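**Q** After the structure tokens below, expect a handful of questions from me.
Quick note: the coordinates plus some simple rules give every number you see, no bench work behind them. Just so it is clear, the structure is predicted and the values come from calculations on it, not from any experiment. All Cβ positions, even for glycine, are placed from backbone atoms using ideal geometry, and neighbour counts span all protein chains on display.
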Amino acid sequence: SRQVASQCRLLQSSSARPLSPQLPQLPDDPIPLQDAPGGLFQLPPGDPFPERVTVAWLSVVAIALALVCDPQENLSLAEITLRRLAPRLLHSLHLLGPGADVLLRPEVADGLLDRLLPHGEMLFLNQHFLQAVDREL
Amino acid sequence: AGAPTAASPGREIQEEELRRFASRVASLLQGPELGPEAVDCLQRLHLTVAATKYPRRLDGKFVELLQTVLCSSKCPEQVQVLCAAILREMSPCNDLILSCDQIQDTKLLSLVSSILLAQGNKKGEVAAVGQRIVKVLERRLPEGQSARYILPVLSNVISLSPESLTEEQVNVVSKKMADWLRYASTQQGVAQPSGGFFSSPRTKQPGPVTEVDGAIATDFFTVLSVGQYHTQDQWLNVQAFSMLRSWLLCCGDKGLKTPKSDDRSGMDKSVMSTVSTLPTSSRLLPPKERLREKAFEYCQRLVEQSHRRPLKKDDADLQKACLIEAVTIMDIICKQDSSYVHRAASFLKVLHGRICGDATYARALLPIAQFFLNHSKVAAVDSDAIYRHLLTDIPAQLFHNASLAFEFVQFCKANSQLFTETSSVFRQSFPNLFKFLAWNSPPLISEFVDFLPSLLDAGTAIEIFHLLLDLPCLTAALDVQLRSAALPTSEKAASDPAVPPSTCLEAFRHPLYRSMFQHLLRAKSTSEDAPERLIPLRQLLGSLASSPRVVQCAETVPVLLELFFKVVAEFADGPLINQLVVLLLQRSDQLCEIPAFKDDVYRVLSSQLVVLCKLHPALIVELSTEILEFSGAVSNIQNKEAIFTHVVWAVGEYLSVCYDRRCTVEQVLRFFEALEAVLFEVTQLRPLPTTPGYPPRAISVLMATLTKLAARSQDLIPRVSMFLSKMRTFVQSPAVTSVYQEEDLEEILIRATELLNLLKMPSVAQVVFTPPVASTRFQREVNDSLPCALRMVTRLLEPTPGFMPG
């Protein structure tokens, strides 16, 4: 997560985006975040995973999410998966609100991950399937 | 009492408190109902267990209780998930009695599997889970159960340990996957009535599935098929495709454990190749081959579907991801069965033609190119145009797409052997590749550190040297290019050649600067070598020196330069080393105008100069003109102190007949006089009030080198001795003491005295300064070896209190 934080900071400073100090209001529906900063980078073997991995990351307001992939996984799908997980996690866990609620509700995060990333498997879900998943949650 | 609150998240909790809390949870779990209080406690317990680095010792009985609760049929889902989460956090756990053998419910099986797979496979848990899953899949599932929840487990199992499944089991699953991929329902599903969402049950027949653009689907169901509600087999279709790549990689090939299948494999293949052009009745095919057939058809269909214009724009991203996946899977299938290659090659060539002009499909060009790299020989297809387009057009146009940049560089790394072939289009295009690095430095620097050695050889070294030094300028130039492209056409006219440009944007359209930009932004390697013509452009681009992207790029250059020299040292011969040294000295004046960048580059160049001298000491003599010119310029002491100091040191070290027979007395004298003049100017001339003072290290090195040269050419000794004795006056003069630090002046004086003493014993001096045949560790560092030797000698000559041993 340290690596993601530094990549994020470097990317943001390179694009010279002003960081807004206030937290925006979240809309009620989960929205895909097309313009949120994100990227890809690799971690060499041993640091900290035993094998070489690729990390896809996404930054939403003050939170960063990282998805660790094997080198031969579909990175486009990884980025799509992150962009779908982010708003749903933010919304369900009220991640931008006060309090440490998120730490006390692991089953909520687990439930989301179980549907969108079951056993770590990325799914090719089109919008309608995604809506079906949202209905199930 | 003793429950961890949210404010103190369990980190400080003591063993005793934990035990008490656990027993409280236990009593709740054993109670009649598992209500909100139980949930609350489990949540807190999870946090406690998760928040510590060391495995929390929960009582074995308690762990057993968790497992029992998890598996009990009347346990609410939320509690189940929490118990599973806690058990996973504690993995690997010795008290685990869980087994998936008796579990019928697929959701529970999935939960339990997640715990078992986290145990580190010490007791063969992975294989056990794999066996159970296949067993469940083999039979018809009871009503209400779905294979949907356990397929991902299977995917996990085979990637953790492919040999967990027997050949038979692989065949069973392959057969099912082929069916799921090919024969899922093409009618939409119905809404589940359980949610109470609909007040009255729907009686309308669900319609057929559609494509993403709304058209009615006329072919089999895929992940790009659209329906309001979905049937179970449609879910399985999605999951089967999602795990297809990994399944084919792990289990698709022949060559699993059982050797007896190999006898038939040769025969199967030849049968396949003779009938490959005819549609085979796939029911006759063995399961793996049948799966390949269905998978291939599925991928072809996906490719077609990916060209439709989706009604929901977010489906567009998925289309691209599907396209990439489809091409990759086709590549894998062709590797496993070359009879598919012809079909795939012609199909993908058409696809390439369709998407090569569309920037949104650019990432898909990579797996297509990879396919042709893998199979073009078999396909007898000329794929040069594909590679050329990929390497020359894409980096130039899309360098700013960070994800593409990353994947592109991965592609280069995976095919690095192609870049070593001198005439290949891959090798020729390396300047283009650096654009990715220039724009997206932080994520790509480590990738380039891996990749750069493949690009370096005697033919490319010089060009890459210049490229690296100009990398931040490239970033700036790319920025200008992007901004210029965004201007309205009215502002894009070429500017007046007579008027010099005031901004970089103006320069981009200025006739005189145009060719400089073009050189910097070139897509192909060129042997033309005139870096000084970029001087005006570098100066102009200096206005962008504070741009964050340029600064980030500049920070990567020292790392790459060090790597460059390390690799080059392995193959460089004398002439190449000479060329590099000359360029090094030249370029030290021609760097991008970023202050921290210049300092870092000087630091690297100066230490690498020493390395080059060690490799080829004769260069001091061979390049005497250039080196004399450089070391004789007093301005270099201030502007490029590191390089100057190391050059002078190198002269002292290597200008000797021991390193090069051609080193004459006249040569030594020439260098001596040049350096003497410099030292004179630095120390003896009356300094102006504005002179800031020269770096003390430079003064030290000058003195040392002059001494070394005198030791070799002994008639110079009186001159040096006189000079050195004047140093006392220098360090004591008021103009000097006001400008230099006291410790520095002291050091200079001590050094001068030591050198002077040494020269009093010329034969000793000669021994000390004659380069030994085998250099010991004392002669490594610039200033470290000399003081050691000097102090030894001085102690012999003048044991004054200031030089007590120890």
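**Q** Based on the Cβ-Cβ distance of A:E136 and B:D213, what FRET efficiency does E = 1/(1 + (r/R0)^6) give at R0 = 25 Å, to the nearest 0.05? Could the numbers behind the result be given before it?
**A** Working: r = 26 Å, r/R0 = 1.05.
For R0 = 25 Å, the calculated efficiency reads 0.45.
**Q** Let me ask another. For a Förster distance of 45 Å, can you work out the FRET efficiency between the beta-carbons of A:D70 and B:E629, rounded to the nearest 0.05?
**A** Efficiency, rounded to the nearest 0.05: 0.20.
**Q** What distance in nm separates the two pseudo spin-label positions at B:Q205 and B:R140, each 7 Å out from Cα along the beta-carbon direction?
**A** Going from the B:Q205 label point to the B:R140 one covers 2.5 nm.
**Q** So, R0 is 45 Å and r is the distance between the beta-carbons of B:V350 and B:E168; what FRET efficiency does that work out to, to 0.05?
**A** Computed FRET efficiency for B:V350 and B:E168: 0.70.
**Q** What distance in nm separates the simple spin-label points at B:D101 and B:E743, each placed 7 Å from Cα in the Cβ direction?
**A** Placing both labels 7 Å beyond Cα along the Cβ direction yields 7.4 nm.
**Q** Straight-line reach from B:K122: which lysines fall under 29 Å, measuring Cα to Cα and dropping same-chain residues less than 8 apart?
**A** List returned: B:K53, B:K61, B:K107, B:K135, B:K254, B:K257.
**Q** Still on this structure, I have one more. Hey, quick one: spin label on B:R522, modelled 7 Å out along Cα-Cβ, who in the stretch B:425-456 has an amide N within reach, i.e. under 16 Å?
**A** B:425-435
**Q** Taking the number of other C-beta atoms within 10 Å as the exposure measure, put B:K320, B:K123 in order starting with the fewest.
**A** Starting with the residue having the fewest Cβ neighbours, the order is B:K123, B:K320.
**Q** I've got another one for you. At 0.36 nm per residue, and after removing the present C-alpha to C-alpha distance, how many nm does the segment from B:A569 to B:S607 gain when stretched out fully?
**A** The span from B:A569 to B:S607 would gain 12.4 nm if fully extended.
**Q** Between the alpha-carbon centers of the stretch B:488-520 and the stretch B:356-430, tell me the distance in whole angstrom.
**A** Taking the Cα centre of the stretch B:356-430 as reference, the centre of the stretch B:488-520 is 31 Å away.
**Q** In whole angstrom, how far apart do the alpha carbon centroids of the stretch B:432-483 and the stretch B:106-142 sit?
**A** 49
**Q** A follow-up question, please. Please list, or write none, the lysines whose alpha carbon is within less than 22 Å of the alpha carbon of B:K413, excluding same-chain residues fewer than 8 places away.
**A** Within the straight-line cut-off, B:K413 pairs with B:K335, B:K377, B:K435, B:K524, B:K566.
**Q** Please say if chain B is rounded, prolate or oblate, where rounded means a/c under 1.5 for a ≥ b ≥ c the square roots of the C-alpha gyration tensor eigenvalues, and otherwise the choice is prolate for a/b larger than b/c and oblate otherwise?
**A** prolate
**Q** Which distance in nm do the two modelled labels at B:Q228 and B:Q370 give, with both placed 7 Å along the Cα-to-Cβ direction?
**A** Roughly 4.0 nm, to one decimal.
**Q** Let me ask another. Amide H to amide H under 5 Å from B:Q187: which residues, 5+ apart in sequence or cross-chain, H placed 1.01 Å off N in plane?
**A** Residues meeting the amide H criterion: B:V209.
**Q** HN-Hα J couplings of the stretch B:756-761 from phi, Karplus 6.51/-1.76/1.60, θ = phi - 60°, integer Hz, Gly and Pro as x?
**A** Once rounded to whole Hz, the list reads 4, 4, 4, 5, 5, 10.
**Q** Now for a different question. Give me the angle, in degrees from 0 to 90, between the Cα long axis of helix B:595-615 and the longest principal axis of the Cα atoms of chain B, rounded to the nearest 10.
**A** It works out to around 70 degrees.
**Q** What's the extension gain from B:D314 to B:M722 if we count 0.36 nm per residue and subtract their Cα-Cα distance?
**A** Here the segment from B:D314 to B:M722 would lengthen by 138.6 nm.
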